[in-house]
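Below is one structure; the comments refer to it alone.
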Amino acid sequence: MPGPDANGGTGPDRERSASPEGRVELRDRDVELLEGLLAGDHRALARVITRIEERDPGYRGLVSALYDHAGGADVIGVTGAPGAGKSTLVDKLAAAYRDRGDTVGVVAVDPSSPYSGGAVLGDRIRMASNVGDMDVFFRSMSARGQLGGLSMATADAVTALDAFGKDVIVIETVGAGQNEVDVVRTADTVAVLVQPGSGDDVQTLKAGILEIGDVFVVNKADMDGAERALAELEEMVHRRDGSAGPRGTGHHGPRKPTDASGGAGAPDPNGADDDASEWTPEVLETVADTGEGVEELIAVFDAHAAYLRESGELTRARRRRYAEEIRTLVRADVGALASEAIERRGGIEALADRVRRKEADPYGLAAEIVDPLATCLEDRDDPADE
């Protein structure tokens, strides 16, 4: 029986075989689909993302082939509590990016249906300003029960949009409070939205989401309480900047002092911090319904993207992201193999009954399942030595 995949479902298509170069083989029937995506065919892009979301056989070969063509897009995460106006703001952001000639991809991660696993759109109105514009590709995806609303499928969809050639990719996540930190692993720049007039929203930031924001936005700034929300956010950012360690420097860490050429230089040998060279999160106001403040928000996104490139932090952040993707996939695949081993032994309940009858113990049974996997890994030649 197949075990769980990276999204918590079953994984009959783990595509275990890989080339010596660390690639999953692309199936012959998928070559044409890949070529269509790379040639700018939006239908091919939609089909690839559907394959990714449904985890169809062969999807890993497709995603593996896309990595060579990805890495050029600015990836922006937009998060915040429900009701903060994320969908409307993303709509206006896409329209503003299009006005300046950028192509846009939007991945809207929705809560999962507990019955079907599909996205629950409810009454959300999507991309009303961009209907009919082929250079704005919108996709709503299910969160699939993942913390922070981001599943591995979402990260793969971003890779597909990036390889397709989208200039800007916006990820709109579910409002899951502290668990929303998962957005950091996929987005280069994170904007956290707060709705004025609700102290609970700002209080939620204190629980953990404060640390992931590069930009904080008081949306619906024409409502009562906007000035108070703005002042509270500015105070929280000030306190964050005054704290020690990575928590005081945004989710990308401190910016290193630059050398004479403007590139990233070595840290000060005396250990002194160059406060002017660190990214300080901005606090802005917007009124998404009218588009007020959207241009200013995009200017901050551009400034943060420039900071990431010039400081060298973009390279470091993407290295961390890829490392986390590798860990996630390995854990999922090893877990699936272990689940299959359990099923071959009669299932978890049968093993539990053996413990109940004093015929075995949990540690011994776990070793019985895992030891053969460990032995295979030990006996296998290290590819690096070949």
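What to note about this one:
- Unit charges on C-beta of K, R, D, E only; dipole of region 327-385, Debye: 440
- Near-label residues of region 279-320 by backbone N, under 19 Å of a point 7 Å along Cα→Cβ of ASP99: 284-303
- Stretchable slack from ARG239 to TYR67, in nm (0.36 nm times residue separation minus alpha-carbon distance): 58.0 nm
- Three-way shape call for region 327-385 based on the alpha-carbon gyration tensor, with the a/c threshold at 1.5: prolate
- Using the Cβ-Cβ distance between ASP224 and ASP302 with R0 = 35 Å, the FRET efficiency computed as 1/(1 + (r/R0)^6) comes to roughly 0.65.
- FRET E, pair ARG319, ARG357, Förster distance 35 Å, beta-carbon r, rounded to 0.05: 0.10
- Residues ASP135 and ALA341, FRET efficiency given R0 of 35 Å [Cβ-Cβ distance, rounded to 0.05]: 0.10
- Overall form of region 273-343 per C-alpha gyration tensor (a/c, 1.5; a/b vs b/c): oblate
- With a simple spin-label model that places each label point 7 Å from the Cα along the Cα-to-Cβ direction, the separation between ALA366 and ARG43 comes to 5.2 nm.
We did not get these values from a lab; they are worked out from the coordinates using the rules stated. If you're wondering where the values come from, they're calculated on a predicted model, not measured in any experiment. Positions of Cβ are backbone-derived with ideal geometry, glycine not excepted, and every protein chain shown enters the neighbour counts.
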